[in-house]
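The structure appears below as structure tokens.
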Amino acid sequence: MADGTPGVHHAKSTSHRGAPMTTAARKPNDSGVTLQFRLDAVPQVGRGTPVVLQFGGVTDPDGATVRFSADAGLTISGNDTLALPTARRTSATVTVVSEREGLGYLNVFITQKGAVSAISIPIQTGAAAPVLKSSGELKSAPDGESIITMPAK
């Protein structure tokens, strides 16, 4: 625990439940810190769900900082910040509690050298989230990106 407060617990780098880690997508102008994560339990209403996080790629001599926030319907149990040391892989576990069924996100904001990465980790509690029907048509843009065209009303 970098700041001595409970809630964000350091964990061993070995996989606790054997589940694979998911690597968060990165953008070219992000903080440069990599994040891998996994849920160590099936989210249930009123019960804590451990989210195991692994951070790497900290190059700033001052280290990096992490701030956690949760969407409505989710709460973070314990501390919502973490300090990351330079040139070391850091593992931590954050516990989120679902207050109701549905999809919510644990938002992770990583800051290094003034640049910020924003990563949202989905927490699905209960039945699958409803799927919205698209009223548009899937097409490809000239650069190859997939887009959905929607009629203007």
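The values are calculated or read from the model by the stated rules, or taken from the named source; none is laboratory data. Keep in mind it's a predicted model, so treat the numbers as computed, not measured. FYI the Cβ positions are ideal-geometry reconstructions off the backbone, even for glycines, and counts take in every protein chain you see. In case anyone asks, the SASA skips ligands and DNA or RNA and just uses the protein heavy atoms, side chains included. Shrake-Rupley method; radii C 1.70, N 1.55, O 1.52, S 1.80 Å.
Taking every residue in region 35-51 that is free of Cβ contacts under 8 Å to residues at least 40 places away in the same chain and of a type in the set (D, E, K, R) and pairing it with any residue that is in a strand (DSSP E or B) and open to solvent by 40 Å² or more (accessible area, probe 1.4 Å), at least 6 positions away or on another chain, the pairs with Cβ-Cβ distances below 9 Å are ARG38/THR22. Entry remark, region 17-70: residues being of a type in the set (D, E, K, R), within 19 Å of TYR105 (Cα to Cα) and either open to solvent by less than 50 Å² (accessible area, probe 1.4 Å) or not in a loop (DSSP other than H, G, I, E, B) (or both) number 3 in total.
With ARG88, ARG100 as the choices, which residue is modelled with pLDDT of 80 or more, under 30 Å from VAL42 (Cβ atoms), open to solvent by 70 Å² or more (accessible area, probe 1.4 Å) and outside any strand (DSSP E or B)? Explain how you work it out, then say what you get.
Numbers: ARG88 fails: under 30 Å from VAL42 (Cβ atoms).
None of the others qualify; the one that does is ARG100.
Please specify each residue of region 103-112 satisfying the condition of being open to solvent by 10 Å² or more (accessible area, probe 1.4 Å) and in contact (Cβ under 8 Å) with a residue 40 or more places away in the chain. Full working, then the answer.
Here is the first cut: in region 103-112, the ones open to solvent by 10 Å² or more (accessible area, probe 1.4 Å) are 103, 105, 107, 109, 111.
Scanning region 103-112 gives PHE109, THR111.
In the set THR86, THR93, THR65, THR49, only one residue is over 24 Å from PRO20 (Cβ atoms), β-branched (Val, Ile, Thr) and touching an Asp or Glu at 6+ places or on another chain (Cβ under 9 Å); that residue is THR86.
Tell me which residues, restricted to region 71-85, are of a type in the set (S, T, N, Q) and part of a loop (DSSP other than H, G, I, E, B). Reasoning before the result, please.
First, pick out the residues of region 71-85 that are of a type in the set (S, T, N, Q): 75, 77, 79, 81.
Passing the criteria: only ASN79.
When restricted to residues that are surrounded by 10 or more Cβ atoms within 10 Å (Cβ to Cβ) and modelled with pLDDT of 90 or more, region 113-153 contains 12. Look at (1) within 16 Å of ASN107 (Cβ to Cβ); (2) modelled with pLDDT under 95; (3) surrounded by 15 or more Cβ atoms within 10 Å (Cβ to Cβ); (4) of a type outside the set (A, V, I, L, M) and you find that HIS9 fails only one, number (1).
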